[in-house]
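One structure is given here, and the rest of the page talks about it.
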Amino acid sequence: MDCLRKVVGEFAEEGGDGRVRSRKTSLGSAPSVEALSSLRTRLIHLLQFLIGIIAWGVVLFVMVIGFRFGYYTLPMTDAQTAVETVVTIPAGMTTREIGRMLEEQQIIRSGEVFALISRALGVDGSLMAGNYSLSPGMNLLEIIRRLRAGEVITYRVTIPEGANIREIATILENRGLVDRERFIELAMDSSLLY
């Protein structure tokens, strides 16, 4: 505003009656106060227009990013028709590797978005290993929640009282839970007892 007053002051002078009159400069006739006021108004309108364009651009950008991430967090299929799959997450797997594996098994839409959202939620690196029952009918946040909480599949098995290690190994092998020989080998290893 002070800058505009200086410009106006260079081209106009106040008369004794309080009215502003134009004066001549070495370049010819000076612009009138009305012309400067009109120029100022046009510049303000141009600035408002440019700010409006930038604001709409930001809003559009945020909407596109929001829709993109929203799309990737949605379930891949209808929850009613989706088939649950047992997914094994090995120990030591990174969040990015887990995302890539879930994408390959068609449980989620994007492994990259899985890793980004896990990082944004602060759970990157704290997803637990194990066997999980997951489905393409689950949204991405539900899958992340299950992996973070360690909601692994549990199996109910009844071991008869008095059964020995070999009988227990046979029962577990018949349920498809263990390899009988490996179970017996580990059960007999005294270094694993505590």
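Could you count how many residues in region 147-184 are in a loop (DSSP other than H, G, I, E, B) and open to solvent by 50 Å² or more (accessible area, probe 1.4 Å)?
Adding up the residues that qualify gives 15.
Among the listed residues THR95, THR81, THR73, THR41, which satisfies the condition of being touching a residue at least 40 places away in the same chain (Cβ under 8 Å), of a type in the set (Ser, Thr, Tyr) and open to solvent by less than 70 Å² (accessible area, probe 1.4 Å)?
Unique residue meeting the criteria: THR73.
Looking only at region 105-156, how many residues end up being of a type in the set (Phe, Trp, Tyr) and under 19 Å from the mean Cα position of the chain (by Cα)?
Matching residues across region 105-156 total 1.
I'd like to verify a number: residues in region 113-127 that are touching a helix residue (DSSP H, G or I) at 6+ places or on another chain (Cβ under 7 Å) and either acidic (Asp, Glu) or open to solvent by less than 80 Å² (accessible area, probe 1.4 Å) (or both), how many?
Residues flagged as touching a helix residue (DSSP H, G or I) at 6+ places or on another chain (Cβ under 7 Å) and either acidic (Asp, Glu) or open to solvent by less than 80 Å² (accessible area, probe 1.4 Å) (or both) within region 113-127 amount to 10.
The values are calculated or read from the model by the stated rules, or taken from the named source; none is laboratory data. Everything quoted here is computed from the prediction, not taken from an experiment. Note that each Cβ is placed from the backbone with ideal geometry, even for glycine, and that neighbours are counted across all protein chains shown. These accessible areas exclude ligands, DNA and RNA; they are computed on the full protein's heavy atoms, side chains included. Shrake-Rupley method; radii C 1.70, N 1.55, O 1.52, S 1.80 Å.
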